[in-house]
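Inspection log for the structure reproduced underneath, given as structure tokens.
The values are calculated or read from the model by the stated rules, or taken from the named source; none is laboratory data. Every value quoted in this text rests on a predicted model; they were computed, and no experiment measured them. Glycine gets a Cβ as well: all are built from the backbone with ideal geometry, and neighbour counts include every protein chain shown. Accessible surface areas use protein heavy atoms only, side chains included; no ligands, DNA or RNA. Shrake-Rupley method; radii C 1.70, N 1.55, O 1.52, S 1.80 Å.
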Amino acid sequence: MLSKKIQDAINEQINRELYSGYLYLAMSAYCEAENFPGIANWMKVQAEEEQEHAERFYDFVNDRGGRVYLKAIDEPPTDFGTPLDIFQASLEHEQFITSSINELYALALAENDYATQIMLQWFISEQIEEEKNASDIVALLEKVGNNVNGLLMVDRQLAQREED
Ligand code: FEO
């Protein structure tokens, strides 16, 4: 059985994961409009991954006899600037998600909730990958700068991303 504190914190995290999906979908829509179809594809796959993260927490709450409460999802921005700006915003967002997962883990430790600690270990590893994915692309885009051929090359590369 989940404590109320853990249940509330995971419900909050479900909302953050759903917002993450919404944010990446908004980034994807922006990239479609800006004629970067490869980046749009990368962001759409990322949005689907965020939905899966939300569902992982959702299933966990239900499996532990808790109650999921869905809250309103904030409206994401509509304008994201250059490809570099987009991935910098993505990296910052992932750093925020990492800190919220870490806070959840600290709460599970304080509550002696071992099952939640084990479940969160998957997310702690996942966040290493999430931050690395964004920071690798930021580094690439910093090298490319305003070079149009370079930007098109990155766009083609990101078109390759498929759902796991
Ligand atoms: Fe669900 Fe991108 O963290």
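Assorted remarks:
- Accessible surface of the range 4-119, 1.4 Å probe, proportion on carbon and sulfur as whole %: 51 percent
- The C-alpha atoms of the chain define a longest principal axis, and helix 83-110 lies at about 10 degrees to it.
- If you wrap the tightest convex hull around every Cα atom of the chain and split its volume per residue, you get 97 Å³.
- Normalised contact order of the range 10-164, rounded percent, pairs of Cα under 8 Å and 6 or more residues apart: 32 percent
- Principal-axis tilt of helix 148-158 within the chain, Cα atoms, nearest 10 degrees: 40 degrees
- Acute angle (nearest 10 degrees) that the helix 37-63 long axis makes with the longest principal axis of the chain, alpha-carbon atoms: 0 degrees
- Cα-centred dipole magnitude for the chain, charges only on beta-carbon of K, R (+1) and D, E (-1), debye, nearest 20: 220 debye
- Heavy atoms of the protein chains alone define the surface here; on that basis the range 4-158 has 52 Å² accessible area per residue at 1.4 Å probe size.
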